[in-house]
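Shown next, in structure tokens, is the structure this report addresses.
The values are calculated or read from the model by the stated rules, or taken from the named source; none is laboratory data. Just so it is clear, the model here is predicted, and its values are computed rather than measured. Cβ coordinates were reconstructed from backbone atoms using ideal geometry, including for glycine residues, and neighbour counts include every protein chain displayed.
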Amino acid sequence: MHPEFEEIRPYNDSEVADAIGRLVQEKGFFKVISFFFPEYPTEKIIELLLSVKTVNEFQLKFATRLTAKIIKNNVKNFVVNGLDNLDKNKNYLIISNHRDIILDSALLNHTLLHSGYKTTEIAIGSNLLILKWIYDLVRLNKTFIVKRNLPRQEFYDYSILLSKYIRHTITEKKESIWIAQREGRTKNGLDKTQPGLLKMFNISGEASFEENFAELNIIPLAISYQYEPCDIEKVAENYNKMYNDNYKKSRTADLLSMGKGLISPKGNITYSFDKLINNDLEEFKNIVNRNEKLQKLAEHIDKKIYKKYEMTTFNYVAASEYFRTDKYNSMFTKEDKDKFDEYINDGLKQLDGDKNVLKKLFLEIYANPTESFFANFMPLNESNS
């Protein structure tokens with residue numbers, strides 16, 4: 001046990017009973033759970049939780065049941081590609097694009113658990129730990145805390161600690177980790193890995209740039225939703241930021257997004273794992289400037305995610321209108337366009353403001369992944385489309 005990691009690490013098995021003891025006394029927790037499991041009386045849920053003695057049991061008996069219910073109720077098809085790129089005897093740092101606060105990592109661990117792999121530890125921002133019971137719940141579910149909004153010097157010291165924790169978890173605890181490629185969800189459809197995140201990973205390494213990253217075993221993961229989680233809320237937030245320099249999202253807004261992200265329809269969801277990037281690290285050896293190396297590595301991970309992103313007709317229709325091009329026209333039918341137009345118009349009815357601006361913000365969420373993919377891999381010839 002490393003005392004320096006006490007404030008950020010997940011709970012261990014010896015702490016499960018006390019955490020569950022606190023959890024079963026929380027009315028807010030049961031209000032949420034009864035929404036997903038109305039068929040079970042509170043007493044039955046309490047009985048189930050009190051039977052849990054380990055973190056693994058918590059995930060098997062509770063967390064994965066909740067995720068399965070979400071998939072059943074709100075997902076049309078859930079497809080996972082490239083899982084065989086992961087060796088069950090190795091530990092990885094899985095880096096993905098980030099669209100939903102909870103579901104991105106929850107579906108990942110659901111997949112791993114039901115495929116015979118160990119689940120990952122999950123990074124979560126401290127800004128989301130709004131209620132005490134959420135703090136207990138996530139730490140029971142193998143989540144470690146990423147502190148947000150720290151003063152400059154405190155942020156640097158904390159970055160060192162977090163870097164050490166991540167490296168320690170992968171190399172010594174022998175656990176994998178999931179972390180998003182950027183702080184906060186992508187709200188405009190542009191999936192970009194932050195070089196600062198990679199810089200943080202590297203701080204704790206004691207060897208060369210390439211050796212430090214090879215030790216972490218990075219696997220890029222592309223997460224694709226047909227219906228963007230909380231797209232209406234993302235549009236509203238982007239709109240407010242455009243017209244109000246002092247706009248700041250409330251903590252309640254984050255809580256509502258967490259809830260809506262779990263219960264709103266998602267259509268088709270695809271998770272696609274790329275291969276371990278270790279063999280690709282050699283190409284960075286001749287770059288002398290470290291910041292340039294970090295930027296190039298970030299771009300490399302981006303391309304891995306773009307390549308695996310599963311486009312839908314929504315993406316093609318949106319890109320056609322947003323970028324005012326006909327090069328995607330062969331990728332969708334009139335029926336597809338009508339369906340997307342109906343969807344986006346229903347969303348716009350729920351928003352106040354300039355409808356033209358709001359529509360543009362709505363469109364870019366779905367349009368940008370299309371351009372990211374084709375700009376990097378499969379440029380289309382307009383004359384042939």
Practice prompt. Taking only the range 242-270 into account, find how many residues are under 26 Å from Lys355 (Cβ atoms) and assigned to a strand (DSSP E or B).
Written response: 1
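I want to confirm something. Restricting to the range 143-161 and keeping residues that are within 18 Å of the chain's Cα centre (by Cα) and in contact (Cβ under 8 Å) with a residue 40 or more places away in the chain, which single residue is surrounded by the most Cβ atoms within 10 Å (Cβ to Cβ)?
For the range 143-161, the residue satisfying everything is Thr143.
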Item to complete: Can you give me the number of residues within the range 34-55 that are in contact (Cβ under 8 Å) with a residue 24 or more places away in the chain and part of a helix (DSSP H, G or I)?
Response: 5
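Could you list all residues from the range 163-203 that are among the small types (Gly, Ala, Ser) and either surrounded by 20 or more Cβ atoms within 10 Å (Cβ to Cβ) or touching a Leu at 6+ places or on another chain (Cβ under 7 Å) (or both)? First the steps, then the outcome.
Narrowing the range 163-203 to residues among the small types (Gly, Ala, Ser): 163, 176, 180, 184, 189, 196.
Hits for the range 163-203 are Ser176, Ala180, Gly189.
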Discussion item. Just checking, does the range 32-45 include any residue being within 27 Å of Glu175 (Cβ to Cβ) and of a type in the set (Asp, Glu)?
Written reply: no
Worksheet item: Has the range 79-88 got at least one residue that is farther than 30 Å from Ile218 by Cα and part of a helix (DSSP H, G or I)?
Response: no
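Residues in the range 1-27 that are outside any loop (DSSP other than H, G, I, E, B), exposed (fewer than 11 other Cβ atoms within 10 Å of the Cβ) and at pLDDT below 95: how many? Step through it out loud before you land on a result.
Pass one, the range 1-27, residues outside any loop (DSSP other than H, G, I, E, B): 3-5, 13-23, 27.
Subsequent filtering for residues that are exposed (fewer than 11 other Cβ atoms within 10 Å of the Cβ) retains 3, 14, 27.
If we keep only those that are at pLDDT below 95 too, we end up with 3, 27.
Number satisfying all stated conditions: 2.
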Discussion item. Can you tell me how many residues within the range 266-295 are surrounded by fewer than 17 Cβ atoms within 10 Å (Cβ to Cβ) and touching a strand residue (DSSP E or B) at 6+ places or on another chain (Cβ under 6 Å)?
Written reply: 2
Item to complete: Could you tell me which of the residues Ile45, Ile101, Ile95 is modelled with pLDDT of 95 or more and among the β-branched types (Val, Ile, Thr)?
Response: Ile95
Discussion item. Looking only at the range 296-319, filter to residues that are buried (at least 22 other Cβ atoms within 10 Å of the Cβ) and among the polar types (S, T, N, Q); which one of those is nearest to Asn268 (Cα to Cα)?
Written reply: Thr312
Worksheet item: How do the pairs read when you match residues in the range 178-192 that are on the phi < 0 side of the Ramachandran plot with residues anywhere that are assigned to a loop (DSSP other than H, G, I, E, B) and of a type in the set (Val, Ile, Thr), using Cβ under 8 Å and keeping only pairs 6 or more apart or on different chains?
Response: Trp178/Thr120; Gln181/Thr193; Arg182/Thr193; Arg185/Ile101; Lys192/Thr186
Worksheet item: Taking the stated definitions as given, is Ile277 out of contact with any Gly (no Cβ under 9 Å at 6 or more places or on another chain), touching a residue at least 40 places away in the same chain (Cβ under 8 Å) and either within 18 Å of Lys76 (Cβ to Cβ) or charged (D, E, K, R) (or both)?
Response: no
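Among the listed residues Ala214, Ala180, Ala207, which satisfies the condition of being within 30 Å of Asn238 (Cα to Cα) and either in the same structural domain as Lys249 (by TED's automatic domain parsing) or modelled with pLDDT under 95 (or both)? Walk me through how you get there before you give the answer.
Values: Ala214 fails: within 30 Å of Asn238 (Cα to Cα); Ala207 fails: within 30 Å of Asn238 (Cα to Cα).
After ruling out the rest, the residue left standing is Ala180.
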